[in-house]
1. What lysines does LYS86 reach when the alpha-carbon gap must be under 28 Å and sequence neighbours fewer than 8 apart in one chain are set aside?
2. State the antiparallel share, in %, of DSSP beta bridges confined to the chain, rounding to the nearest 5.
3. Explain nothing, just the number: relative contact order of the chain, from Cα pairs under 8 Å at least 6 residues apart, as a whole percent.
4. Taking the Cα centre of each part, how many Å lie between region 243-292 and region 88-106?
5. Which angle from 0 to 90°, rounded to the nearest 10, does the C-alpha axis of helix 285-294 make with the longest principal axis of the chain?
6. What ³J(HN,Hα) values, in whole Hz, does the Karplus curve 6.51 cos²θ - 1.76 cosθ + 1.60 give for region 322-327 when θ = phi - 60°, with x put for Gly and Pro?
7. Which of the trypsin sites (Lys or Arg not before Pro) across region 176-258 are loop residues per DSSP, with 11 or fewer other Cβ within 10 Å?
8. Give LYS286/LYS309; LYS51/LYS309; LYS16/LYS38 a once-over and call out the pairs whose C-alpha atoms are over 21 Å from each other.
Amino acid sequence: HAGLVSHLRAAWLSGKTRPLEYRVAQLEALGHFLEERKQDILQATALDMGKPSFEAELSEISICRSELNHTLNNLGAWMKDEHVDKNWAMKLDSAFIRKDPYGLVLIIGPCNYPIYLLLMPLIGAIAAGNCVVLKPSEISRNVEWLMAEVLPRYLDTDCFAVVTADVEGTTKLLKNKFDYIFFTGSTSVGRIVMTAAAKHLTPVTLELGGKNPCYVSEPCNVRNVARRVAWGRFFNAGQTCVAPDYILCSMEMRERLVPALREAITEFYGPEPQDSPDFGRIVGDKQFQRVRALLGSGRVAIGGQTDEKERYVAPTVLVDVREEDAVMREEIFGPVLPILTVSSEEEAIAFINARERPLVLYVFSSSEKVVRRLLERTSSGGFCANDTIMYMTLTSLPFGGIGPSGLGRYHGRFTFETFSHPRSALLRAGGREALNNLRYPPYSPRRLPMLRATVEHRRRRCACACTLL
C-alpha cells in the first residue's frame, strides 16, 4: 500500500483538505451515504450478524447521523484559532492555538459495530482536515464490501481510501508511516497496533474494552435494574464493548435479580429468543466457539442454549461463578451475564479496584450516596449510574478507556480535537527592539527583576482566604 499512502500524503500536502468548505462538502457527502444507502447498511449488518434492523438503524445509522449533524453545526467554531493569555512581555503580540490536521490518518474498525465504529472517527478526521485510510473489519464481510465498493463513490478518492485486508495484510499496512492511527478492537491487537505505531513515533487512539463491572445495591427498583441491564447486555447479542460484563451484588439481591432478569428476557425476546427477530447472532465462527466455551463457568440460571449453524447463543445468566473461571478472565463479548456475590459495598469496591480499569463502570442504586462513593473510590474510562450504554449517546461527553481499556477519547468536539494537533503560534512584530534589550547579553543583574516581572505569572490570593482572630 506504499503507493496509495504516498498518493494520499501528497494530496494532504497540497492543502486540499484544509478549507472549511471542503470539509463540509465531504461531511455532507458522508451524510448522503448514510441516507441513500440505509437499506444496504441494514441488509449488510443483517447478513453478517443477524442484527435486527431496529438495532442497526439506532446503533449504526442514527448515532452516526447525530455525530455528523453536531459536527456540521459546530465545525466553523471549532476551527477558529484559540487566543490565549499572554504575559507582559507579549502583550502587544498575538498568541493563539491553531487546530492543525495531523496529515494522513489510518482508522481501523471492528466487526461488532462495523459502520458506526468506522464512520464515527472518520467524521472527526474529515472535520479536522486530514486525509484518511479506512480499514474495515474483514470479519463482517458484507459491510466490508459496502465500505470498499460503495463508500468511495461518495468521497474524494484523492484524499480518502478504503483498504480491505486480512490480519497479514493489515500487518503490512501498519508498516507504512501514518501521522495518526485510530484503532477500535481488542486489547491484544491494540498492543500490536501501538507497537507498529511506535516505530514511526505515530500517536494513537486505542478504543479497546475489558470487563465492565455492574454493581447493584439496595435500595433499587429491581425490575427496572433487570430491564436496563438485560437490554445493555443482550443488545447486539452482547457484542458491545460497553455492555455490562458482570454483576456484583449481595446474595439476597441475586435471588431477587435472577427472576427479574428472566422476566425481562422473556418480555424482550419471547419464550424462544432464537425465534425472535429482535435478537442477533455472533459475528463469526471463531467468535461463536469462544463464547460457547465460556458457558462452562459457574451454573446456568437462565438460557445456555446454542446453535452452531446459526452462531446462536441464547441470552444467558450464570450464577455461582468464581473469580478464576474462564468467563471472568476475558471480555465476554457475547450474550452471557455472570453474577458474582459480594457481602458489602466495600467488598465490591475492592473487587473492582483489584482488576484492570474498565472501559465503563455501572452502578445501580436509589441512594445518591452509594453512587457517589463508587464514583469517587474507583477508576474507569466512563461511569454511568442507573442505566447502561446510554451515556454514549451524549456528544458532550468524551468516550474512551483508561489503561488496558483504551487510550485517548472521542465523540463530538473531542473527536475533532483527537484528530487535530494543537499548534502553538506566537506572532511578534519585527520592531520595538528596545523592549528586548532586557534579555540580551551582556547580562546585568539589575535587569533580571524587571525581566522576571514581564514573563512570570504571580500567585493570586485565594478569594476564600480568611483571617483567624
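1. LYS99
2. Rounded to the nearest five, the antiparallel share is 35 percent.
3. For the chain, the relative contact order is 18 percent.
4. 50
5. Its long axis makes an angle of about 70 degrees.
6. Residue by residue, region 322-327 yields 9, 4, 8, 5, 4, 5 Hz.
7. Numbers: sites: LYS177, ARG191, LYS199, LYS211, ARG223, ARG227, ARG228, ARG233, ARG254, ARG256; in loops: LYS177, LYS199, LYS211.
Sparse-neighbourhood loop trypsin sites (Lys or Arg not before Pro): LYS199.
8. Values: LYS286/LYS309 12 Å; LYS51/LYS309 16 Å; LYS16/LYS38 29 Å.
Long pairs (Cα-Cα over 21 Å): LYS16/LYS38.
The values are calculated or read from the model by the stated rules, or taken from the named source; none is laboratory data. The shown structure was predicted, so the numbers you read here are calculated from the model rather than taken from an experiment. Cβ coordinates were reconstructed from backbone atoms using ideal geometry, including for glycine residues, and neighbour counts include every protein chain displayed. Quick note on the areas: whole protein, heavy atoms, side chains included, nothing else; ligands and nucleic acids left out. Shrake-Rupley method; radii C 1.70, N 1.55, O 1.52, S 1.80 Å.
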